[in-house]
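Read the structure below first, then the notes.
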Amino acid sequence: MILLIVCIKYKPAYEVTLAGEILGYVKDKNYIETKLNKFINDTNNNIAFREISENPVYALKFINKDKKTEEKSVMLAIENATTTTYRNFAVTADGEQKAVVHSETEAEDIINQIKEGLDGTVDLKLGITEIYTTNDETVSEAEAMNTLNELKTVKVAAYQEEKAQKEKEEKRKAAAAKAKSFATTTTVAASGSISGISLAIPVNGTISSRFGVRSSSRSSAHTGLDIAASAGTGVRAIAPGTITYAGYKGSYGNLVIVSHGNGIESYYAHCSAIYVSVGQNIDSNTTISAVGSTGNSTGPHLHLEIRVNGTPVNPQDYLY
Ligand SMILES: [Zn+2]
């Protein structure tokens, strides 16, 4: 009798409990178990795995016949109690994760695109790290590209700035070195040396024409240095040597040539008087001639020429 009443008024159902909490009633526990297994083993896309900390507990009960079983809500509650771990790929730059994408292919694609236009001099080390997280923090490939592109822009700008600074510094150093060497030549105002031979200035005066300049009064570039001084001013040799020429010579006018050895000669032209003769050994204190304006000359000056193995060189490279 009691059994009959039970059968009329009640129906069997499984009470589902998870971690001590009753989730509801289901008709068939196998239905829930099958669904749960399917859910747990669903490793589509970037899902690495799913776990449930405790398994549901089923208890056979009799519930009111009119009461509907709750498969949907029970299943949803179970699903919500699971933890999903995602397997994603982080694009790293200089060891730091910059953007997370679903697949390795996407990450590789991003890296290849970012690498384009980087000539290897920009210090940006790109890499891929496989990461497992319980939050799916991925972004779209386009979004990741944007992030990496921004970083690239910053890096390239920094590199260019650094490069420009380096070039600026090199230019500054070169200019400083040049200024130094210029300072070195100008400080030997009164004396210098050539091939180890000490040189002295031949006459006090004003430089009126430099080596190498061209003018209407000459057929070619100036082969010496003109030092304007009063006519009659004594001229000394720039270094000790032997007189190899002492006399008039065309456009040079009165000319003295001194040989200093090692192929080095000095010429003193346009002189008003000559005080030495060929073969004479002189030192740099000997007055060899006097300033004049003989030959191709427009006013009293000494034309000083220094020759190395017969070729005129700029006296100002060694003197003044
Ligand atoms: Zn001259």
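Here are a few things to note about the model shown:
- Meets criteria (in contact with a strand residue (DSSP E or B) (Cβ under 8 Å, 6 or more places away or on another chain), of a type in the set (Asp, Glu), assigned by TED's automatic domain parsing to the domain that holds Cys7 and more than 15 Å from Leu151 (Cβ to Cβ)) for Glu70: yes
- Candidate set: the range 210-240, residues that are outside any loop (DSSP other than H, G, I, E, B) and touching a residue at least 60 places away in the same chain (Cβ under 8 Å); chosen: the one farthest from the ligand (Cβ to nearest atom): Val235
- Entry remark, the range 44-76: residues being part of a helix (DSSP H, G or I) and touching a Pro at 6+ places or on another chain (Cβ under 9 Å) number 1 in total.
- Of note, Ser259 does not satisfy the criterion of being exposed (fewer than 15 other Cβ atoms within 10 Å of the Cβ) and of a type in the set (Gly, Ala, Ser).
- In the set Asn309, Asn296, Asn262, only one residue is out of contact with any Pro (no Cβ under 9 Å at 6 or more places or on another chain), within 16 Å of the ligand (Cβ to nearest atom) and modelled with pLDDT under 95; that residue is Asn296.
- One residue from Glu130, Glu116 being over 30 Å from Ile22 (Cα atoms), at pLDDT 90 or above and not assigned by TED's automatic domain parsing to the domain that holds Thr17: Glu130
- Only one of the numbered conditions (1) in a loop (DSSP other than H, G, I, E, B); (2) out of contact with any Phe, Trp or Tyr (no Cβ under 7 Å at 6 or more places or on another chain) is violated by Gly24, and that is (1).
- Any pair with Cβ under 6 angstrom, 6 or more apart, that starts in the range 108-120 at a residue that is free of Cβ contacts under 8 Å to residues at least 40 places away in the same chain and ends at one that is β-branched (Val, Ile, Thr): Ile110/Val91
The values are calculated or read from the model by the stated rules, or taken from the named source; none is laboratory data. In this text, all values refer to a predicted model and were calculated from it rather than measured experimentally. Every residue, glycine among them, receives a Cβ derived from its backbone with ideal geometry; neighbour counts consider all protein chains shown.
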